[in-house]
Amino acid sequence: VFLPAIIIKDLNSLKKLVSIYALIAVVVSISVILEYYTPINLSYLIEKTLTKRPGIQYYSQTRDGLNTLMRLDRYRPGGLWRNSLDTAYHLSFLFPLTIWKAISAKTLTRRLVHTIFPIITVVALVLLQTRTALVAVVIGIGIFIIMSMLVKNVHFRKNVRKLVIWSAVLFLFVTIVDSSLVINSFSSTIELYQTTIESSGDLSLDPRFD
């Protein structure tokens with residue numbers, strides 16, 4: 001709250017801040033997608049590289065690793081925060097900004113490039129399978145709609161309509177491609193699948209065992 005208040009001086013600085021947030025959303029989303037579909041865990045690699053503690057084997061959550069977190073029969077990635085809930089909460093805040101970045105682009109080329117931002121973000125949100133985050137996105141878009149009714153600025157109303165349409169289309173597309181992921185998000189069944197692999201690591205480093 002305080003940081004944007006300090007950074008934002010005019011409309012130009014606001015646009016720059018939105019661009020930064022949109023790029024953060026892309027990085028976080030890529031980490032989720034990589035963790036879900038590949039053995040790569042960016043959070044684990046960053047911690048292992050930056051925090052070298054002799055004699056400690058760091059915990060890495062992957063879809064084929066030790067103590068895999070599952071929701072029904074689907075792997076649930078943790079993302080950069082190594083926690084599905086925390087990562088999803090951050091993305092639910094950033095998602096509307098990625099759409100705003102795309103629809104506010106002045107040229108067709110930039111608009112097409114920036115379209116990748118919300119697409120990657122919504123895919124990551126669904127892969128995280130967190131119903132609270134999905135509901136938060138709906139509430140956030142609802143707030144935009146209410147604001148558009150109160151504000152008389154025609155350009156603002158036009159952008160809000162685009163935001164709502166884009167959001168609906170993206171979520172509908174992902175639901176059609178893999179509806180079970182969306183259904184899983186509203187399931188209360190979460191399992192910790194433990195493999196037979198032996199590990200000398202300290203499980204206390206796993207945030208789920210705190």
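Quick rundown of the values:
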| item | result |
| --- | --- |
| Looking only at region 44-101, and only at residues there that are surrounded by fewer than 17 Cβ atoms within 10 Å (Cβ to Cβ) and aliphatic (A, V, I, L, M), the one that is modelled with the lowest pLDDT | I56 |
| When residues of region 151-193 are limited to those that are in contact with a Ser or Thr (Cβ under 8 Å, 6 or more places away or on another chain) and either acidic (D, E) or not in a helix (DSSP H, G or I) (or both), the one modelled with the highest pLDDT | L192 |
| Residues of region 124-133 that turn out to be within 15 Å of I99 (Cβ to Cβ) and either at pLDDT below 90 or out of contact with any helix residue (DSSP H, G or I) (no Cβ under 8 Å at 6 or more places or on another chain) (or both), as a count | 0 |
| Helices (runs of 4 or more DSSP H) completely within region 72-135 that count 1 or more residues being under 25 Å from Y44 (Cβ atoms), of a type in the set (D, E) and out of contact with any Gly (no Cβ under 6 Å at 6 or more places or on another chain) | 84-103 |
| Qualifying positions in region 125-149 - within 10 Å of Y89 (Cα to Cα) and of a type in the set (G, A, S) | A133, A136 |
| Region 104-143 - residue that is without any contact (Cβ under 8 Å) to a residue 24 or more places away in the chain and of a type in the set (K, R) and, of those, least open to solvent (accessible area, probe 1.4 Å) | R111 |
| Residue match in region 203-210 (condition: at pLDDT below 75, of a type in the set (S, T, Y) and more than 20 Å from K15 (Cβ to Cβ)) | yes |
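The values are calculated or read from the model by the stated rules, or taken from the named source; none is laboratory data. Not measured: the values here are computed from a predicted model. Positions of Cβ are backbone-derived with ideal geometry, glycine not excepted, and every protein chain shown enters the neighbour counts. Note: areas computed on protein heavy atoms with side chains; ligands, DNA, RNA excluded. Shrake-Rupley method; radii C 1.70, N 1.55, O 1.52, S 1.80 Å.
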